[in-house]
Amino acid sequence: MKQMKHIKLYFLVALLAISCKTIQETNTTAVKGVAPKAQDLSEIQGGMWIPSLLEGMNEREMQLLGSKMTAKDIYDVNNSSLKDAVVHFNGGCTSEIISPNGLLLTNHHCGYGAIQSHSTVENDYLKDGFWAMNYEEELPNPSMDVTFIKRIDDVTSEVFNGITESMDEASKMKIINQNILKVVKTVQKEDWQDANVKPIYHGNQYLLFVTETFNDLRLVGAPPTSIGKFGADTDNWMWPRHTGDFSMFRIYADANNRPANYSKDNVPYKPNHYLPISLDGVAEGDFTLVFGFPGRTNEYLPAVGVDQIANVLNPARIEIRDNALKIVDSFMRKDADIKIKYASKYASIANYWKKWIGESQGIQKSNAIEKKRELEAEFTKIVNEKDLVGYKSLLSDFEKLYKEIESVSLAREYWMEIAYRNVELLGITFRAYQLEQAYVKGGEPAFNKAKESVLNTYKGIYKNYSAKVDKPVFEKLVTLYVEKSPKEYLPSTMKGVNFTELTNNIYADSKLTTLEGTEKLLSGTPEEVIKKLNEDKAYAFGKEWHTIFYTELEPKFHALNLEIDAVQKEYMKALMEVFPNNRFFPDANSTLRVTYGQVRGYEPRDGIYYETTTYLDGVIEKYVPGDYEFDMPKKLLDLYNAKDYGQYGESGKMPVNFIGTNHTTGGNSGSPAIDAQGNLIGLNFDRVWEGTMSDMNYDPDICRNIMVDIRYVLFIIDKYAGAKNLIDEMTFVHPKK
C-alpha cells in the first residue's frame with residue numbers, strides 16, 4: 001500500500017472568496033508556541049495532541065519532562081510504533097495490546113456491559129470475576145468491536161475546495177460534507193479498511209483517519225466488582241483511590257490476520273506492536289504519556305458558554321440524575337436480580353452525575369469564568385489596537401447567541417435526561433415514535449425495516465428492565481420537568497395533571513411495560529400497529545413530548561448551534577492569530593491523541609497535600625464487610641495478611657493507584673499510561689474530582705488523572721486469580737534497573 005502524504009500543520013485557515021480558493025496559512029508558532037525552559041515544566045502539562053504532529057515542539061516538551069522516546073517511536077506509518085498497540089474499544093473507551101497474541105487490557109467499567117451480559121444469578125461474573133485459563137474458555141461478544149488507526153492524513157485543502165467567504169454557514173457546510181464524501185470515496189486504502197474525516201480546531205482543519213475494525217472480541221478476564229469497582233460511586237472521581245479498574249479481552253482475526261466476523265476458526269490477532277510491561281513502578285516526577293481516544297473537550301468556549309454550562313445546564317442534569325439514582329439504588333440494595341439488571345445502567349448514569357458536580361465546583365474554585373473574561377478583555381484590546389475588523393463582533397455575537405439558545409438548551413437537556421436516558425418507559429415510547437415516523441415519511445418498506453431494528457433493540461432493553469423500578473422514576477422526573485423546565489415547551493399531557501394517578505394508570509394499562517405486550521402492539525399491518533400504539537396510554541403520553549422535541553426543540557437548537565459553531569470556528573482562528581505565543585491543542589473529538597505529563601501529587605485545598613500513590617493498605621482501611629461498595633474478597637485479604645505480593649510489591653507494600661498531570665477526559669478510560677521508554681506502567685481510568693472541569697479549563701495545579709498501577713493488575717491476575725497463562729504471554733522489563 002502506497003503511503004499517502006503525511007499531515008501538515010494548517011492552523012490558521014482563511015477562507016478567501018475572491019479567487020474561490022482556500023488559502024491555508026501554516027503558522028507553527030501561533031499554535032505550538034515556543035518550547036519552555038526546563039524550569040517552566042508546569043506550563044507544558046496538559047493538551048491533547050495529534051500523534052502524527054509531535055515532531056518539533058511537542059517532542060522537545062516531552063523530552064523536557066523526561067521522555068526518552070522520539071516522535072516516530074510514538075507514531076510511524078511505515079514502522080512499528082506505539083500507535084499500533086492502542087485501540088479504540090467498542091467506540092467509547094481505549095484499550096491496549098499487551099501480548100503478541102492480541103491480548104487487550106482496558107478498564108473494568110469499559111468491559112462492564114460484556115461481563116454483565118455473561119452473568120447470571122448462578123454464574124455472577126460481576127460478583128465473582130471471570131478468568132479464561134485457555135483460548136477455548138474465552139467468551140465471544142458479537143456486538144463489540146475494536147478499531148486501529150492505520151494512518152492519519154491532512155485533507156484540509158480538499159475539504160475546503162469550492163468554499164468562498166461570501167457563503168453562509170449552511171452553504172459552506174453543505175459543500176464541506178460533499179467534499180468529505182469525495183475524500184472518503186477516493187482514499188487509498190485496503191479493501192478491509194475504512195476511512196473517516198474529522199474536523200479539528202473547530203473546523204479550521206480536517207484530518208482523514210484510515211482504520212481497521214475487528215469485531216471478534218472475546219472476554220478473557222475480569223476481577224470481581226469488589227476489586228474492579230472498589231469504592232463504587234462513593235469513590236468515583238475521587239482521590240485517594242484504591243480501585244483495580246481493569247478487564248481483559250482478546251482480538252481474533254482470520255487466517256490472514258484480517259478482520260472477520262466471529263468464527264471458531266478465527267485465531268488470536270498478531271499485532272504490529274504490543275506494549276512491554278515495566279515492573280519498576282513510578283515515582284514523583286516520572287514521565288507519563290497517556291495514549292487514547294478522548295471523547296470531547298471544550299477548552300476554547302467563551303466565558304458566557306462556560307457560565308451557561310456551569311450555572312444553568314449542569315444543575316438541571318445533576319438534579320434529574322440525583323433523583324433517579326436514589327430511587328434505583330433503593331431497589332438495587334434490596335433485590336439481587338435487580339442489582340444485576342441495573343448495575344451497568346446505574347454506573348453509567350452515576351458516572352456523569354458526579355462528574356458534573358465536580359466540574360461545576362471546579363469551574364467556580366479555579367475562577368475559570370473570570371479568567372476567560374480577562375482573556376477576552378485582552379483579546380478585545382489587541383483586536384481594537386490592530387484594527388482586526390473581522391474579529392470585533394465575535395464576543396458580542398457569542399453573548400447574543402447564548403442568550404437565545406439558553407431556554408432551548410435547557411428544555412432539550414430535560415428531554416434528553418428524562419425521556420431519553422432515565423425514564424426507560426419513555427425511551428421505549430421514543431423508539432416507537434421513531435417507528436411511526438418511519439411510516440409517515442417512508443411508507444410500508446421503511447416501516448418494516450425500522451420495525452425489525454426496533455424489535456431487536458427492545459429485546460436488549462427488556463432483558464434488563466423492571467417496571468417496578470421505572471415507575472417511581474417516571475413519576476418523580478416527569479413532575480420535575482413540569483416544575484423546572486421552560487414552560488413554553490410543556491406538552492398539554494402534562495398540564496393540570498395528578499402525576500401519581502397518571503403514573504398508576506400508565507404502568508397498569510400500558511402494554512409497553514413488557515416485551516410480550518410490546519410485541520403484540522407491533523404485530524399486524526403498519527396501520528394496525530400505529531392505531532394500537534396511539535391507543536396505548538404510555539405511547540400517547542410520550543408522543544406529544546417527542547413531537548415537541550423533533551418539531552420545536554431540535555430545529556431551534558441546531559439552527560442556533562450552527563451559528564454558534566460558525567462564531568466558535570472564527571474565534572478559534574482569531575485566538576491563534578491574536579495570541580501567537582500561546583499553546584493551542586485541538587479539542588478532543590474521539591480521535592487518537594497523546595497527552596504527556598508527570599507523576600505528581602497536588603494540593604486540593606489549604607493545608608492538604610495528596611501523595612502520588614495509594615497502596616493495598618488503603619483498601620484494608622476502607623474495607624467494610626458486606627458493603628456493596630467497600631467489601632473485598634477473602635482471598636485478597638489473605639494475600640494482604642501474608643504480604644504475598646510476588647514480584648509486584650514494593651518495599652513490602654502493594655501499590656494500587658497513582659496520579660499524574662496528563663490531560664484526560666471521557667474516552668481515555670482504559671488508555672495506557674506509558675513510561676519514558678515506551679513501556680506500560682499503568683491504566684488510566686478516572687480524574688480527581690477537583691479537576692473534572694479540565695474539559696473546559698485545564699489547570700495544572702489541581703487537574704490529575706488517576707491510573708491503576710500495572711503491578712496491581714498483574715498481582716490480581718497472578719496471585720489472586722492464578723491465571724499464569726496470561727502472565728506467561730506478556731513481556732516484562734526493568735527499565736530503571
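Any read-out appearing in this document is the output of simple, stated calculations on the displayed coordinates, not a laboratory observation. On a predicted model such as this, the values are computed, not experimentally measured, just so you know. Glycine also receives a Cβ, built like all others from the backbone with ideal geometry; neighbour counts cover every protein chain displayed.
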query = For the stretch 144-222, what's the relative contact order in percent, using C-alpha pairs closer than 8 Å and at least 6 residues apart?
reply = 46
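Please compute the contact order of the chain in relative form: average sequence separation of alpha-carbon pairs under 8 Å and at least six residues apart, divided by the residue count, as a percent. It would help to have the intermediate numbers written out before the result.
Working: 1405 pairs, mean separation 173.2, N = 737.
Averaging sequence separation for qualifying contacts and normalising by length gives 24 percent for the chain.
Using the Cα centre as the reference, give the magnitude of the dipole from point charges on the C-beta atoms of the stretch 303-578 (Lys, Arg: +1; Asp, Glu: -1; all else neutral), rounded to the nearest 20 debye. Each step should come with its number before you reach the end.
Working: 42 positive and 42 negative charges, 184 e Å.
I would put it at about 880 debye.
Suppose every K and R has +1 on its Cβ and every D and E has -1 on its Cβ; what is the size of the dipole of the chain about the Cα centre, in Debye to the nearest 20?
Values: 85 positive and 101 negative charges, 142 e Å.
Charge dipole of the chain: 680 debye, to the nearest 20.
Could you work out how much longer the chain between Glu137 and Glu370 gets when fully extended? Use 0.36 nm per residue separation minus the Cα distance between them, nm to one decimal. Show your work: numbers first, answer last.
Working: separation 233, 0.36 × 233 = 83.88 nm, distance 5.64 nm.
Stretched out fully, the Glu137 to Glu370 stretch lengthens by 78.2 nm.
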request  = Could you list, in their original order, any pairs among Lys339/Lys634; Lys449/Lys532; Lys68/Lys372; Lys468/Lys537; Lys72/Lys172 whose Cα atoms are separated by more than 24 Å?
outcome  = Lys68/Lys372; Lys72/Lys172
note = Lys463 and Ala559 label points (each 7 Å along its Cα→Cβ direction) are spaced in nm at 4.2
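Quote the relative contact order of the stretch 303-578 in percent (integer), defining contacts as alpha-carbon pairs under 8 Å separated by 6+ residues. Write down the numbers at each step before the final one.
Numbers: 237 pairs, mean separation 72.1, N = 276.
For the stretch 303-578, the relative contact order is 26 percent.
So if R0 is 45 Å, what FRET efficiency would Asp128 and Leu455 give, r being the distance between their Cβ atoms, rounded to the nearest 0.05? All intermediate terms of the calculation are to be shown ahead of the outcome.
On the way: r = 33 Å, r/R0 = 0.73.
Efficiency computed from Cβ-Cβ geometry: 0.85.
Which of the chymotrypsin sites (Phe, Trp or Tyr not before Pro) found in the stretch 479-579 are in a DSSP loop and have at most 14 neighbouring Cβ atoms, other than their own, within 10 Å?
On the way: sites: Tyr481, Tyr489, Phe499, Tyr507, Tyr539, Phe541, Trp545, Phe549, Tyr550, Phe557, Tyr571; in loops: none.
Answer by residue number: there is no such site.
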message = I want the local charge near Glu544. Using Cβ-Cβ distances under 12 Å, sum +1 for each Lys or Arg and -1 for each Asp or Glu among the other residues.
response = +1
request  = Considering the options Val599, Pro276, Gly47, tell which one lies farthest towards the positive end of the dipole of the chain, charges being +1 on Lys and Arg and -1 on Asp and Glu at the Cβ, about the Cα centre.
outcome  = Pro276
task = Compute the distribution of all C-alpha to C-alpha distances in the stretch 303-578, in bins of 5 Å from 0, and list the percent of pairs in each, rounded to whole numbers.
result = 1, 5, 11, 13, 14, 14, 12, 9, 7, 5, 4, 3, 1, 0, 0
note = Place a point 7 Å from the Cα of Asp337 in the direction of its beta carbon; the residues of the stretch 443-464 whose amide N falls under 19 Å from it are 459-464
key: Proximal charge balance of Gly626 [Cβ under 15 Å; K/R count +1, D/E count -1]   = +3
query = Roughly how many whole Å is it from the C-alpha centroid of the stretch 259-323 to that of the stretch 405-455?
reply = 28
note = Listed with the fewest Cβ neighbours within 10 Å leading, Ser99, Ser330 appear as Ser330, Ser99
ask   = Cross-link list Lys365/Lys403; Lys229/Lys365; Lys326/Lys463; Lys371/Lys573; Lys174/Lys400: which exceed 31 angstrom alpha carbon to alpha carbon?
value = none
Helix-only CD estimate at 222 nm, as mean residue ellipticity for the chain, using -39500 (n - 2.57) per DSSP H run (n ≥ 4) = -12500 deg cm²/dmol
ask   = If you find the alpha carbon centre of the stretch 351-397 and of the stretch 558-578, how far apart are they in angstrom?
value = 13
ask   = Looking at Leu533, Phe549, Met576, which one has the Cα that reaches farthest to the positive end of the dipole of the stretch 303-578 (charges on Cβ: Lys, Arg +1; Asp, Glu -1)?
value = Leu533
remark   = Classified through the alpha carbon gyration tensor (a ≥ b ≥ c as square roots of its eigenvalues; rounded if a/c is under 1.5, else prolate when a/b is larger than b/c, else oblate), the chain comes out rounded
key: Global form of the stretch 258-367, assessed from the alpha-carbon gyration tensor, a/c cut-off 1.5   = oblate
request  = Please work out whether the stretch 194-270 counts as rounded, prolate or oblate from its C-alpha gyration tensor, where a ≥ b ≥ c are the square roots of the eigenvalues and a/c under 1.5 means rounded, while otherwise a/b larger than b/c means prolate and anything else oblate?
outcome  = oblate
ask   = Which residue, chosen from Ala438, Ile564, Ala343, occupies the Cα position most advanced towards the positive end of the dipole of the stretch 303-578, where the dipole is computed from +1 (Lys, Arg) and -1 (Asp, Glu) charges on Cβ about the Cα centre?
value = Ala343
inquiry  = Distance cut-off 28 Å, Cα to Cα: go down the list Lys198/Lys345; Lys643/Lys736; Lys451/Lys471; Lys127/Lys150 and report the pairs above it.
reply    = Lys198/Lys345; Lys127/Lys150
message = Among 107-113, 428-434, 159-165, how do they line up by average Cβ neighbours within 10 Å per residue, starting with the highest?
response = 107-113, 428-434, 159-165
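Sort the following peptides by mean Cβ neighbour count (other Cβ atoms within 10 Å, averaged over residues), highest first: 297-308, 79-90. Display every interim value, and only then the final one.
Working: 297-308: 20.2, 79-90: 22.2.
Order by mean packing, descending: 79-90, 297-308.
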note = Note, Leu522: beta-carbon cut-off 9 Å, +1 each Lys/Arg, -1 each Asp/Glu, net +2
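Go through 335-347, 683-695 and give me the packing order, highest mean Cβ count within 10 Å leading. Working shown, then result.
Numbers: 335-347: 17.7, 683-695: 26.5.
Result, highest mean Cβ count within 10 Å first: 683-695, 335-347.
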